[in-house]
1. Might you tell me the accessible area per residue for the chain, computed with a 1.4 Å probe and given in Å²?
2. For a quick check: with amide H placed at 1.01 Å from N, whose amide H comes under 5 Å from Asp15's, ignoring anything fewer than 5 positions away on the same chain?
3. Could you work out what % of the accessible surface of segment 165-219 is carbon and sulfur, using a 1.4 angstrom probe and leaving DNA, RNA and ligands out of the count?
4. Order of 109-117, 183-191, 158-166 by packing, highest average Cβ count within 10 Å first?
5. Can you compute the helix-only [θ] at 222 nm over the chain? Use -39500 (n - 2.57) per DSSP H run of at least 4 residues, normalise by all residues, nearest 500 deg cm²/dmol.
6. Would you grab the residues whose amide H sits under 5 Å from the one on Met162? Only those 5+ places off in sequence or on another chain, please, with H modelled 1.01 Å from N.
7. Sketch the reach of a paramagnetic label on Ser50 as a point 7 Å from Cα along Cα-to-Cβ, and name the residues of segment 98-134 whose backbone nitrogen lies under 12 Å away.
8. Please report the net charge: other residues with Cβ closer than 15 Å to the Cβ of Gly62, K and R +1, D and E -1.
Amino acid sequence: MSRLVLMDLDNTLIDRRGPLANWVVEFAAARQLSAAAADRISVALRERASAETFEDLRSAFGLAESAAELWGAYVTGMARGVVCSPEVLARIDLLRSTGWTVGVLTNGATDIQLAKLAATGLLDRLDAVCISDEAGARKPDVEAFRVAVARCGYELPAGAWMVGDNPATDIAGAAAAGLRTVWISAGSAWATPGLTPDHIAETAAEAADFLLGLSEGMR
């Protein structure tokens, strides 16, 4: 088996929820928007944010800035707010130093995902990055996994691992692509019938420890 692991970014390697909530509060306050408006903005950005999202928000709330300016403020603000813990950074370094190839496979817009990867110190620690926007395929599409694996120098089926928090996009998608899976539970119980991850870890650091502890025969 290969020593290849793909990792999800948002809510796996970094927390997106907290920085997003903080950014929306600051954004709404700076523009004197109501709490109801802030809630609507949160919902719009929660699952999938793009420049087009801000076209709709600009129109809905009569904002003076262009959609491009609003998107730029979002990218800058989110990159400033996200953090990757020293424990996770250290374990990525350790994985690579022990022969693992480590890549990130994330859905999202290229500019904001790259900005977050750079701001958190992850970008320079990875062997490869695959972002759905520039790859032309989104998880759980098997093509997204194929592109990510190829960028790491492998081919499907690669005997690789996928670490992620989303049962549908990360775990089901990876399983369909022939990858073994580690689900990041963040303290929650697995609740997706008909699908079982190969391993459950509470955090990305724990997932890395699991991979580091695998016997040579399982790697």
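1. Spelled out: the 1.4 Å probe surface of the chain, per residue, equals 45 Å².
2. Val83
3. Details: 1370 of 2500 Å².
Roughly 55 percent of what the probe reaches on segment 165-219 is carbon or sulfur.
4. On the way: 109-117: 20.8, 183-191: 13.9, 158-166: 23.6.
Result, highest mean first: 158-166, 109-117, 183-191.
5. -13500 deg cm²/dmol
6. Leu6, Arg180, Thr181, Val182
7. Those under the cut-off are 108-110, 132-134.
8. Working: positive: Arg31, Arg40, Arg58; negative: Glu55, Asp56, Glu65, Glu69.
Net charge in that neighbourhood comes out at -1.
The values are calculated or read from the model by the stated rules, or taken from the named source; none is laboratory data. Note that the structure is predicted; figures quoted are calculated from it, not measured. With ideal geometry, Cβ positions are generated from the backbone for all residues, glycine too; neighbour counts draw on all protein chains shown. For the accessible areas, the whole protein counts, side chains as well, though only heavy atoms, and no ligand, DNA or RNA atoms are used. Shrake-Rupley method; radii C 1.70, N 1.55, O 1.52, S 1.80 Å.
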